[in-house]
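Trainee: Dropping a structure here in structure tokens format, bear with me for questions.
No value in this document is a laboratory result; all are computed from the given coordinates. None of the values given here were measured: they were computed from a predicted structure. Neighbour counts run over all protein chains shown; Cβ positions are idealised from the backbone, glycine included.
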Amino acid sequence: MAGEENYILETRGLVKEFRGFVAVNDVNLRVRRGHIHALIGPNGAGKTTCFNLLTKFLIPTRGEIIYKGQDITYAKPAEVARRGIVRSFQISATFPNLSVLENVRIGLQRAQGTSFHFWRPVSTLDSLNDRALELLDTVGLRDYADYITVELPYGRKRALEIATTLATEPELMLLDEPTQGMGHEDVDRVTQLIKKVSANRTILMVEHNMNVVAKIADTISVLQRGQIIAEGPYETVSRNPQVLEDYMGSADEALAGASHGH
């Protein structure tokens, strides 16, 4: 049944212009509740601008953004975060000199709105510790709890960012190029992790790596020059002649580039 209530997020005729350059051009995105939805496309296709519109870092030139049936086109970033749209690697600029456990605990304190109550009894922190360890378990980092964050290998840092995002209990989690700059082993680990944490929530991700979206995305929207040129499951999208011509080549390059990334 494809009723409205099945879509947690919709954009209608979304347009963003920067001084005459149209970065996002009439995008109608419908993200189904409980799905992993991937936005792919070559560099400059408008993926990041789209994300910035959804998280309210940018206001659209035209069009509407509907979240859970409510118009959030002009909502403030903090408001959409409170409503459950959380962008990973936005709040989770982790604190490099704190431990892995402390980083997750800060995420939990933010979610509870107690971040500045320094006079709170230590016992409240204990209950946060238990929850923080559970989250570290979820992302496979329990053994790293006492590591100073800066010492974590790159792929594990990304897992920590996902854990701190989960601490805010998002309903809709936006992942920004989660496997960028990783070697194969980390890519596989993070891909499995995204699949795992997608239980009971919706994920919208921007991702370059076709292998990743082929494995886990329920729906793929292909953006090019700010427009959606193809949409559907991987089987459909990967057979689209325009996608094959314009994107598959650059996907291979992106894969090659990914192993040299940061």
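Trainee: Full extension from Gln112 to Glu79: what is 0.36 nm times the residue separation minus their Cα-Cα distance, to one decimal in nm?
Mentor: Extending this stretch completely gives an extra 10.4 nm.
Trainee: Check which residues have an amide H placed less than 5 Å from Ala230's amide H, if you skip close sequence neighbours.
Mentor: Val222
Trainee: Could you give the length gained by full extension between Glu169 and Asp26, i.e. 0.36 nm per residue of separation minus their alpha carbon distance, to one decimal place?
Mentor: The span from Glu169 to Asp26 would gain 48.4 nm if fully extended.
Trainee: Shifting gears a bit: If R₀ is 35 angstrom, what is the calculated FRET efficiency for the pair Gln227 and Arg142, using the beta carbon separation as r and rounding to 0.05?
Mentor: Computed FRET efficiency for Gln227 and Arg142 comes out at 0.20.
Trainee: Which of the listed residues, Pro77, Gly34, Thr61, is farthest toward the dipole's positive end in region 1-86, when Lys, Arg count +1 and Asp, Glu count -1 at the beta-carbon?
Mentor: Pro77
Trainee: Take Lys196 and Glu64, extend 7 Å from each Cα along the Cα→Cβ direction, and tell me the distance between the two endpoints in nm.
Mentor: About 4.0 nm, to one decimal.
Trainee: For region 25-35, take each phi angle, set θ = phi - 60°, evaluate the Karplus expression 6.51 cos²θ - 1.76 cosθ + 1.60, and give the result in whole Hz per residue in order, putting x for glycine and proline.
Mentor: Values per residue, Gly and Pro as x: 10, 6, 8, 10, 10, 10, 9, 7, 4, x, 9 Hz.
Trainee: Next up: Provide the packing ranking of 58-68, 42-52, 233-243, i.e. peptides ordered by the mean count of other C-beta atoms within 10 Å per residue, highest first.
Mentor: Details: 58-68: 16.9, 42-52: 20.2, 233-243: 14.7.
So the order, starting with the most tightly packed, is 42-52, 58-68, 233-243.
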